[in-house]
Amino acid sequence: MTYQEAAAWLRQHDRYLILTHKRPDGDTIGCAAALCAGLRRLGKTAHICPGTGETHLFTPYLEGYLAPEDYEAETVVSTDIAARSLFTREGERWLERGIDLAIDHHPSQEFFARETCLDAGRAACGELIYDILRELGEITPEMAVPLYVAVSTDTGCFQYGNTTADTHRVAAALMETGIDVFALNKRHFRTKSWARLQVERLIVERMHRYEEGRIAVALISRSMLDEAGATEEDLEDIAAFLGQIEGVETSVTIREQEGSTCKLSVRTSGGLNATKVCALLGGGGHAAAAGCTVSGTLEEAEKAILDAIGQVASHG
């Protein structure tokens, strides 16, 4: 389904519930908030599924949009969700009922919905939502703020390799609505908590380097967070940190989770396909940024991801 077809489809339905993924980032939150605002502007009833687990950085964009407990949805739309495993606990029951439309930009999309609007060439799902909303009418500042958050955070403030000329064109169009991008950029890219700085210090002290520094691995244990006085909120976009080190082409962040599991994030800039690496461990994502969750200790997870990197690298 093209974005034009998705826009036409959205006009034909009502009573929307919009779903975001687990450990929501700026792209999924921004997409959901902008889409909700756009649908309401059309006179539709629309809400976002609560219980997303968002951090304080993103809660402002959900204000006024979360569904009440007694809300009965007729049409369920997911934003920036590529796999069944990424649904929140609240979203899982809607997955069982059936998702009506999935809007996504991940090449690892599992096509779990009845209809799918997918453009894997987009740097952020927010770009796709922008095109859909533009088909539906004027982009208002209320839509532009979360859309800018979606596009800017998924491209590292337009510094990641996924950034395209179209990404900049979308950002420029959003800026032309009059939104305060300085405040948004400062909030999301130029402000760090003291605890976050301590986490970064500990990562640098304890990181592992391989292949003459081309591969860098950070093991983030719960005890490390305690030592830094940090919470999950202080780890927003921590996966991008190692990639700032000169000479690093592949960075891996491994975060210890409850229940003897580890969450892994892989970022690449030297030609290695991160999606293929993570797919070997049941994950997915983009060629330059992907993730997965594995069972075991931090050390076991590190061995597993290094083995996966070796397999993909050896096959070109």
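The values are calculated or read from the model by the stated rules, or taken from the named source; none is laboratory data. Nothing here was measured: the structure is a model prediction, and the numbers come from that model. Quick reminder, even Gly has a Cβ in these numbers, built from the backbone with ideal geometry, and neighbours come from all protein chains shown. SASA here: full protein model, heavy atoms, side chains in, ligands and nucleic acids out. Shrake-Rupley method; radii C 1.70, N 1.55, O 1.52, S 1.80 Å.
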Q: Give me the distance in nm between label points sitting 7 Å out from Cα along the Cα-to-Cβ direction at Arg40 and Leu280, one decimal.
A: 4.7 nm
Q) What does the stretch 61-102 give for Rg and for Dmax, in Å, if only its C-alpha atoms count? A) 10.9, 28
Q: Between the alpha-carbon centers of the stretch 71-145 and the stretch 240-316, tell me the distance in whole angstrom.
A: 25 Å
Q) When the chain is modelled as a GNM with alpha-carbon springs shorter than 10 Å, which of His13, His21, His106 fluctuates the most? A) His13
(Q) Just to be sure I understand the model, the point goes 7 Å from the Cα along the line to the Cβ. What's the resulting Glu72 to Arg169 distance in nm? (A) 4.4 nm
Q. Given a 1.4 Å probe and the protein chains all in place, what does the accessible area of Ser265 round to, in Å² to the nearest 10?
A. 20 Å²
Q.
What percent of all Cα-Cα pairs in the chain falls into each 10 Å bin, going from 0 up to the bin containing the maximum distance?
A. 6, 27, 35, 23, 8, 1
Q: Pop out the carbon and sulfur fraction of the accessible area of the chain as a percent, whole number, probe 1.4 Å.
A: 48 percent
Q: Once you have all Cα-Cα distances for the stretch 38-158, histogram them in 5 Å bins from zero and send the whole-percent values.
A: 2, 10, 18, 24, 24, 17, 4, 0
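What's the long-distance tail for the stretch 13-56, i.e. % of Cα pairs beyond 13 Å?
For the stretch 13-56, the share of Cα pairs beyond 13 Å comes to 50 percent.
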Q: Return the inverse of the average 1/r over all pairs of distinct C-alpha atoms in the stretch 247-292, which is the Kirkwood hydrodynamic radius, in Å to one decimal.
A: 10.6 Å
(Q) Only sites in a loop by DSSP and with at most 12 other Cβ atoms within 10 Å count here; which GluC sites (Glu not before Pro) in the stretch 151-215 make the cut? (A) Glu176
Q | Over the stretch 190-239: Rg over Rh, Cα atoms, Kirkwood Rh | A | 1.00
Q) How much area per residue is accessible in the stretch 162-316 when the probe is 1.4 Å and only protein heavy atoms are counted (Å²)? A) 52 Å²
Q: Whole number in Å², please: accessible area per residue of the stretch 1-112, 1.4 Å probe, ligands, DNA and RNA not counted.
A: 42 Å²
Q. When DSSP assigns beta bridges and you keep just the ones with both residues in the stretch 201-316, what percent turn out antiparallel, to the nearest 5?
A. 75 percent
Q.
Please compute the alpha carbon radius of gyration of the stretch 219-316, then divide it by the globular-protein estimate 2.2 N^0.38 Å. Two decimals is fine.
A. 1.05
Q: Arrange the residues Arg196, Arg97 by how much accessible surface each exposes, largest first, with a 1.4 angstrom probe.
A: Arg97, Arg196
